[in-house]
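Participant: Quick one: this structure, given as structure tokens, is what I'll be asking you about.
The values are calculated or read from the model by the stated rules, or taken from the named source; none is laboratory data. Fair warning: this is a prediction, and the values are worked out from it, not measured in the lab. Using ideal geometry, Cβ is built from the backbone for each residue, glycine included, and neighbour counts are taken over all protein chains shown. Side chains included, ligands, DNA and RNA excluded: accessible areas come from the protein's heavy atoms. Shrake-Rupley method; radii C 1.70, N 1.55, O 1.52, S 1.80 Å.
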Amino acid sequence: MRFFCVVAALVLAFPGNAFAQMDPNWSQREMERMQAQQERWDAQAERQRAEQERQAAQAERQRAQQERDQYERQSQQYQALPSSPERTPTPATERLQPIHTGNDLYSACTPDGTGNTTAANLQCLLYIGDVSLGEKVGKFRNSDGGNCFPQGVSLDQIKDIVFSYLRDTPGRRHINATNLTVEAIIQVFPTCKFTPSR
């Protein structure tokens, strides 16, 4: 008991020196304890970072799914428009030409000048939607494999991008319409990479 009191007094008076004199390995064990604590903190921070990345990836997947759902809803809406009483096709637009080249696509996307949506305009929108968002022809992805379109980009906006590209590059409009659509999108969104479907 007397020995314990003496040790306690020494520890209170000279805690570092007392332990160092009584246990020469005290400093090394203290360093190891501090290092182990730091490793636990680092591991906890790594787990938090991984959880944040997982949540961000999940939010990105949800956003991409919402965009696909919006495209599907728009596709159904636009496909129904020509047969509605307000949008009955005129004889000039009843027989739509297939889209093969940029000339075909440019013709389909060109407004009729009256502000009315024609069947050809809807054909243009659906064609560009199939290439850019529908994933039937291929997929636009960034280098990490995620969605490369900025948040809020709409199908109408992509159609405007493609139409502007076709209007500004008349010397290339004889090329395949899908290739020109991909070129137009990548020019505006350079992080996008296009992978054709197999």
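Participant: Name the residues in the stretch 179-198 that are more than 16 Å from N147 (Cα to Cα) and crowded, with 21+ Cβ neighbours inside 10 Å, would you?
Facilitator: L180, T181, A184
Participant: Residue by residue through the stretch 145-168, note down the ones that are out of contact with any helix residue (DSSP H, G or I) (no Cβ under 8 Å at 6 or more places or on another chain) and under 14 Å from Y106 (Cβ atoms).
Facilitator: D160, D168
Participant: Sticking with this one: Would you call Y71 closer than 24 Å to V131 by Cα, modelled with pLDDT of 85 or more and either open to solvent by less than 80 Å² (accessible area, probe 1.4 Å) or assigned to a helix (DSSP H, G or I) (or both)?
Facilitator: When the stated conditions are applied, Y71 does not pass them.
Participant: Restricting the search to the stretch 137-177, which residues are of a type in the set (F, W, Y) and either closer than 25 Å to A56 by Cβ or in contact (Cβ under 8 Å) with a residue 60 or more places away in the chain (or both)?
Facilitator: Of everything in the stretch 137-177, those that are of a type in the set (F, W, Y) and either closer than 25 Å to A56 by Cβ or in contact (Cβ under 8 Å) with a residue 60 or more places away in the chain (or both) turn out to be F140, F149.
Participant: Any idea which of G113, G138 is loosely packed, with under 14 Cβ neighbours inside 10 Å and either on the phi < 0 side of the Ramachandran plot or over 13 Å from the mean Cα position of the chain (by Cα) (or both)?
Facilitator: Of G113, G138, the one residue that is loosely packed, with under 14 Cβ neighbours inside 10 Å and either on the phi < 0 side of the Ramachandran plot or over 13 Å from the mean Cα position of the chain (by Cα) (or both) is G113.
Participant: Given the residues G113, G134, which is the only one that is part of a loop (DSSP other than H, G, I, E, B) and under 30 Å from Q58 (Cβ atoms)?
Facilitator: G134
To keep it simple, each residue is scored yes or no on (1) outside any helix (DSSP H, G or I); (2) open to solvent by 70 Å² or more (accessible area, probe 1.4 Å); (3) modelled with pLDDT under 80; (4) over 25 Å from D144 (Cα atoms).
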position	(1), (2), (3), (4)
G16	no, no, yes, yes
Q21	no, yes, yes, yes
S27	no, no, yes, yes
M31	no, yes, no, yes
Q35	no, yes, no, yes
W41	no, yes, no, yes
Q44	no, yes, no, yes
E53	no, yes, no, no
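Participant: Just to be sure I understand, how many residues within the stretch 151-163 are open to solvent by less than 60 Å² (accessible area, probe 1.4 Å) and not in a helix (DSSP H, G or I)?
Facilitator: Adding up the residues that qualify gives 2.
Participant: May I ask you to list pairs of residues, at least six apart or on different chains, whose Cβ atoms are under 8 Å apart, with the first in the stretch 118-133 being without any contact (Cβ under 8 Å) to a residue 24 or more places away in the chain and open to solvent by 10 Å² or more (accessible area, probe 1.4 Å) and the second being among the acidic types (D, E) and part of a loop (DSSP other than H, G, I, E, B)?
Facilitator: Pairs that qualify, where the first residue is without any contact (Cβ under 8 Å) to a residue 24 or more places away in the chain and open to solvent by 10 Å² or more (accessible area, probe 1.4 Å) and the partner is among the acidic types (D, E) and part of a loop (DSSP other than H, G, I, E, B), are N121/D112.
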